[in-house]
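Beneath this line is the structure, given in C-alpha coordinates, with notes to follow.
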Amino acid sequence: MWYIGVDVHLRSSAICVLDEQGQEIRQVGLRGSWTRIVEWLTELAGSFQVCYEASCGYGPLYERLSRIAQRVVVAHPGRTRLIFQSKRKNDRVDAQKLAKLLYLNEVPAVHVPSAEVRAWRGTAEHRMRLVRQRTRVKNRLRALLRNCGVESPRWLWTACGREWLAVVELPSALDAMRRDALLEELATCDR
(Lines give C-alpha, C1' and ligand atoms only; values in the text may rest on other atoms or scores of the structure.)
Protein backbone atom coordinates (compact mmCIF):
# COMPACT_ATOMS: atom_id res chain seq x y z
CA MET A 1 0.00 0.00 0.00
CA TRP A 2 1.31 3.43 -0.94
CA TYR A 3 0.36 6.65 0.81
CA ILE A 4 0.23 9.64 -1.51
CA GLY A 5 -0.01 13.28 -0.51
CA VAL A 6 -0.93 15.76 -3.23
CA ASP A 7 -0.66 19.53 -2.94
CA VAL A 8 -3.19 20.43 -5.63
CA HIS A 9 -3.21 23.66 -7.62
CA LEU A 10 -4.94 24.66 -10.81
CA ARG A 11 -1.96 24.39 -13.16
CA SER A 12 0.65 22.48 -11.17
CA SER A 13 0.74 20.03 -8.29
CA ALA A 14 3.27 18.39 -6.01
CA ILE A 15 3.04 14.68 -5.19
CA CYS A 16 4.78 12.74 -2.45
CA VAL A 17 4.66 8.92 -2.29
CA LEU A 18 5.38 6.98 0.91
CA ASP A 19 5.82 3.22 1.16
CA GLU A 20 4.27 0.86 3.73
CA GLN A 21 6.90 1.83 6.33
CA GLY A 22 6.24 5.56 5.85
CA GLN A 23 9.48 6.17 3.98
CA GLU A 24 9.45 8.63 1.11
CA ILE A 25 10.07 6.82 -2.16
CA ARG A 26 9.15 9.49 -4.67
CA GLN A 27 8.60 13.24 -4.92
CA VAL A 28 7.11 14.58 -8.17
CA GLY A 29 6.11 17.98 -9.46
CA LEU A 30 3.46 17.88 -12.18
CA ARG A 31 2.53 20.62 -14.61
CA GLY A 32 -1.01 20.62 -15.88
CA SER A 33 -4.57 20.33 -14.66
CA TRP A 34 -6.14 17.74 -12.39
CA THR A 35 -6.40 15.41 -15.35
CA ARG A 36 -2.60 15.15 -15.28
CA ILE A 37 -2.71 14.07 -11.61
CA VAL A 38 -5.26 11.36 -12.36
CA GLU A 39 -3.22 10.14 -15.35
CA TRP A 40 -0.03 9.99 -13.26
CA LEU A 41 -1.73 8.09 -10.46
CA THR A 42 -3.37 5.68 -12.91
CA GLU A 43 0.09 4.65 -14.12
CA LEU A 44 1.14 3.54 -10.62
CA ALA A 45 1.33 -0.18 -9.96
CA GLY A 46 -0.26 -1.47 -6.77
CA SER A 47 -2.86 -0.10 -4.41
CA PHE A 48 -2.62 3.35 -2.90
CA GLN A 49 -4.40 5.93 -0.77
CA VAL A 50 -4.52 9.62 -1.63
CA CYS A 51 -4.81 12.74 0.53
CA TYR A 52 -5.20 16.37 -0.57
CA GLU A 53 -6.53 19.57 0.97
CA ALA A 54 -10.04 20.82 0.32
CA SER A 55 -10.16 23.81 -1.98
CA CYS A 56 -12.34 25.12 -4.77
CA GLY A 57 -13.57 22.16 -6.81
CA TYR A 58 -12.48 19.47 -4.38
CA GLY A 59 -15.66 17.42 -5.00
CA PRO A 60 -15.12 16.54 -8.68
CA LEU A 61 -11.47 15.71 -7.99
CA TYR A 62 -12.57 13.43 -5.13
CA GLU A 63 -14.90 11.56 -7.47
CA ARG A 64 -12.20 11.13 -10.12
CA LEU A 65 -9.63 9.90 -7.60
CA SER A 66 -12.13 7.56 -5.91
CA ARG A 67 -12.32 5.55 -9.13
CA ILE A 68 -8.62 4.67 -9.04
CA ALA A 69 -7.53 4.84 -5.38
CA GLN A 70 -8.35 2.42 -2.61
CA ARG A 71 -9.09 5.37 -0.31
CA VAL A 72 -9.29 9.14 -0.81
CA VAL A 73 -9.14 11.54 2.12
CA VAL A 74 -9.79 15.26 1.76
CA ALA A 75 -8.01 17.22 4.50
CA HIS A 76 -9.57 20.20 6.24
CA PRO A 77 -7.17 23.07 5.43
CA GLY A 78 -7.93 24.95 8.66
CA ARG A 79 -7.26 21.94 10.84
CA THR A 80 -4.04 20.75 9.30
CA ARG A 81 -2.05 22.73 11.81
CA LEU A 82 1.07 20.82 10.89
CA ILE A 83 1.11 22.54 7.51
CA PHE A 84 -0.01 26.03 8.59
CA GLN A 85 2.36 26.37 11.54
CA SER A 86 5.39 25.19 9.62
CA LYS A 87 8.18 27.64 8.87
CA ARG A 88 9.09 25.65 5.78
CA LYS A 89 6.07 26.14 3.53
CA ASN A 90 6.12 25.10 -0.10
CA ASP A 91 4.22 22.67 -2.32
CA ARG A 92 6.69 19.79 -1.92
CA VAL A 93 6.73 20.07 1.87
CA ASP A 94 2.93 20.31 1.99
CA ALA A 95 2.55 17.18 -0.15
CA GLN A 96 5.04 15.36 2.08
CA LYS A 97 3.17 16.34 5.24
CA LEU A 98 -0.18 15.32 3.76
CA ALA A 99 1.28 11.92 2.85
CA LYS A 100 2.69 11.54 6.37
CA LEU A 101 -0.66 12.45 7.97
CA LEU A 102 -2.36 9.90 5.71
CA TYR A 103 0.20 7.24 6.66
CA LEU A 104 -0.39 7.94 10.37
CA ASN A 105 -4.17 8.00 9.79
CA GLU A 106 -4.29 11.46 11.43
CA VAL A 107 -5.81 13.50 8.60
CA PRO A 108 -8.49 15.94 9.81
CA ALA A 109 -10.89 14.95 7.07
CA VAL A 110 -13.85 16.83 5.64
CA HIS A 111 -17.07 15.30 4.43
CA VAL A 112 -17.40 15.35 0.64
CA PRO A 113 -21.07 15.72 -0.28
CA SER A 114 -22.50 14.11 -3.40
CA ALA A 115 -22.57 15.99 -6.70
CA GLU A 116 -26.31 16.55 -6.31
CA VAL A 117 -25.90 18.11 -2.86
CA ARG A 118 -23.02 20.28 -4.13
CA ALA A 119 -25.22 21.47 -7.02
CA TRP A 120 -28.03 22.40 -4.61
CA ARG A 121 -25.60 24.26 -2.36
CA GLY A 122 -24.19 26.11 -5.36
CA THR A 123 -27.68 27.13 -6.42
CA ALA A 124 -28.51 28.37 -2.92
CA GLU A 125 -25.26 30.37 -2.77
CA HIS A 126 -25.95 31.86 -6.20
CA ARG A 127 -29.43 32.94 -5.10
CA MET A 128 -28.03 34.52 -1.93
CA ARG A 129 -25.53 36.52 -4.01
CA LEU A 130 -28.33 37.72 -6.30
CA VAL A 131 -30.47 38.78 -3.34
CA ARG A 132 -27.53 40.68 -1.82
CA GLN A 133 -26.80 42.32 -5.17
CA ARG A 134 -30.47 43.36 -5.55
CA THR A 135 -30.44 44.82 -2.02
CA ARG A 136 -27.29 46.80 -2.84
CA VAL A 137 -28.90 48.19 -6.00
CA LYS A 138 -32.04 49.23 -4.09
CA ASN A 139 -29.91 50.93 -1.44
CA ARG A 140 -27.94 52.78 -4.12
CA LEU A 141 -31.19 53.95 -5.72
CA ARG A 142 -32.48 55.24 -2.36
CA ALA A 143 -29.15 56.98 -1.75
CA LEU A 144 -29.31 58.57 -5.21
CA LEU A 145 -32.77 59.95 -4.46
CA ARG A 146 -31.65 61.29 -1.05
CA ASN A 147 -28.55 62.90 -2.59
CA CYS A 148 -30.76 64.56 -5.20
CA GLY A 149 -33.15 65.79 -2.52
CA VAL A 150 -36.05 63.75 -3.88
CA GLU A 151 -38.39 62.24 -1.32
CA SER A 152 -39.24 58.66 -2.22
CA PRO A 153 -42.58 56.99 -1.54
CA ARG A 154 -42.86 53.95 0.74
CA TRP A 155 -44.16 51.86 -2.17
CA LEU A 156 -40.98 52.44 -4.20
CA TRP A 157 -40.41 48.77 -5.10
CA THR A 158 -43.94 48.03 -6.29
CA ALA A 159 -44.78 48.20 -10.01
CA CYS A 160 -46.21 51.71 -9.56
CA GLY A 161 -43.18 52.77 -7.54
CA ARG A 162 -40.76 51.59 -10.21
CA GLU A 163 -42.77 53.42 -12.88
CA TRP A 164 -42.58 56.56 -10.76
CA LEU A 165 -38.85 56.05 -10.24
CA ALA A 166 -38.27 55.70 -14.00
CA VAL A 167 -39.83 59.10 -14.77
CA VAL A 168 -39.13 61.16 -11.65
CA GLU A 169 -37.37 64.43 -12.38
CA LEU A 170 -33.75 64.47 -11.16
CA PRO A 171 -31.47 67.53 -10.94
CA SER A 172 -29.04 66.50 -13.69
CA ALA A 173 -28.80 64.26 -16.73
CA LEU A 174 -25.94 62.36 -15.04
CA ASP A 175 -28.16 61.52 -12.07
CA ALA A 176 -30.85 60.31 -14.48
CA MET A 177 -28.28 58.18 -16.28
CA ARG A 178 -27.19 56.57 -12.99
CA ARG A 179 -30.83 55.95 -12.07
CA ASP A 180 -31.49 54.28 -15.44
CA ALA A 181 -28.41 52.08 -15.11
CA LEU A 182 -29.43 51.05 -11.59
CA LEU A 183 -32.98 50.28 -12.73
CA GLU A 184 -31.58 48.06 -15.50
CA GLU A 185 -29.37 46.28 -12.97
CA LEU A 186 -32.37 45.81 -10.68
CA ALA A 187 -34.42 44.35 -13.53
CA THR A 188 -31.55 41.94 -14.29
CA CYS A 189 -31.43 40.82 -10.65
CA ASP A 190 -35.19 40.30 -10.60
CA ARG A 191 -35.01 38.13 -13.72
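Before moving on, here are some points about what is shown:
- Looking at Glu20, Glu63, just one residue is closer than 28 Å to Ala119 by Cβ, modelled with pLDDT of 90 or more and outside any strand (DSSP E or B), and that residue is Glu63.
- Residue satisfying condition, being modelled with pLDDT of 90 or more, within 30 Å of Ser55 (Cβ to Cβ) and under 28 Å from the mean Cα position of the chain (by Cα), within set Val137, Val72, Val93: Val72
- Unmet criterion (only one of (1) outside any strand (DSSP E or B); (2) in contact with a Leu (Cβ under 9 Å, 6 or more places away or on another chain); (3) in contact (Cβ under 8 Å) with a residue 40 or more places away in the chain) for Trp40: (3)
The values are calculated or read from the model by the stated rules, or taken from the named source; none is laboratory data. Every value quoted in this text rests on a predicted model; they were computed, and no experiment measured them. We place every Cβ from the backbone using ideal geometry, glycine too, and count neighbours over all the protein chains shown.
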